[in-house]
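None of the figures in this text is laboratory data; all of them are computed from the coordinates on show. Model, not experiment: these values are computed from the prediction. Virtual Cβ from ideal backbone geometry, glycine too; neighbours counted across all protein chains shown.
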Amino acid sequence: MPEQKTVLIAALDVDSREEAFAIVEKIGSSVEWYKVGKQLFTRCGPELISGLKQRGKKVFLDLKYHDIPNTVAQAVRSAAAIGADMVNVHASGGPAMLKAAAQAAAESKICLIAVTVLTSLDQQELNAIGIQDSPADQVLRLARLTQQAGLAGVVCSAREITLIQNACGKDFLTIVPGIRPAGADAGDQKRIMTPAQAAAAGASYIVVGRPILAASDPSEAAQAIRQELTSSSTL
Ligand code: C5P
């Protein structure tokens, strides 16, 4: 069986299509996958996605749907229709919502993943919304629900990869932000891992924003990260 490699997704956290496409041109062939989130999608919409597809790129549409089952299922169909290759929902939307979303995703090739517990929610925040479990227990509960509903995987921190793979198996995808190459500025990320560490931990995808976007040479920065991923997975 071919060895599974960790795939790099660059987060297009910018405000305009001009900025977005300028970065994509600069990075060139070093990155195939781009994450488009609420900031850019709210301004530029589906045209941005078709522009990325025309450039031969793959798109993770990070809109974190959370609504009643029918609405979320239709949103997943819409994401597939505009060309997104991956999209996500909040697992806390519940089993019926997750199943409806998974059924909608199965009608196309779109990869459907879920967010478990936002990393901005600590124990105190969870308690405030009526959840007494620890963040780690809640992550596991929601990862299991996600898998039972037929979704492909979850967004998680690098520290949660092993926990989640032990509970859900290694085929369950882990999409991991909070990545910083050695020596890079952490910014507002608190619990960071290097690309090599995330690859060694078994991440399916890593999501990297500022270390690529803010680099003086984004293409070189992306290539260095890919190099780290490759050397780590062949260790
Ligand atoms: O610039 P940086 O590499 O920190 O960007 C990481 C990307 O991943 C951003 O788009 C951020 O919103 C997203 N993300 C995250 N932490 C999460 C979930 C998503 O950093 N828990």
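Mind sorting MET97, MET193 by how few other Cβ atoms lie within 10 Å of their own Cβ, fewest first?
Least crowded to most crowded, the residues run MET193, MET97.
Can you list the lysines whose alpha carbon is less than 18 Å from that of LYS99, not counting same-chain residues fewer than 8 positions off?
LYS64, LYS109
Can you sort VAL139, VAL208 from fewest to most other Cβ atoms within 10 Å of each residue's own Cβ?
VAL139, VAL208
Filter the cross-link list LYS38/LYS170; LYS57/LYS170; LYS38/LYS58 down to pairs whose alpha-carbon distance in this structure exceeds 21 Å.
LYS38/LYS170; LYS57/LYS170
Express the relative contact order of the chain as a whole percentage, based on alpha carbon pairs under 8 Å and six or more residues apart in sequence.
21
If you average 1/r across every pair of different Cα atoms in the chain and take the reciprocal, what Kirkwood value do you get, in Å?
18.1
Magnitude of the Cβ-charge dipole of the chain, K/R +1 and D/E -1, about the Cα centre, nearest 20 debye?
Dipole size: approximately 400 debye.
Among THR116, THR71, THR146, whose mean-square fluctuation peaks in a Gaussian network model of the chain (Cα, cutoff 10 Å)?
THR71
Anyone know which of GLY150, GLY178, GLY130 comes out most mobile in the 10 Å Cα GNM of the chain?
GLY130
Say the dipole of segment 7-232 comes from +1 at the beta carbon of Lys and Arg and -1 at that of Asp and Glu; which of MET97, ALA10, GLY187 then lies farthest toward its positive end?
In segment 7-232, that residue is MET97.
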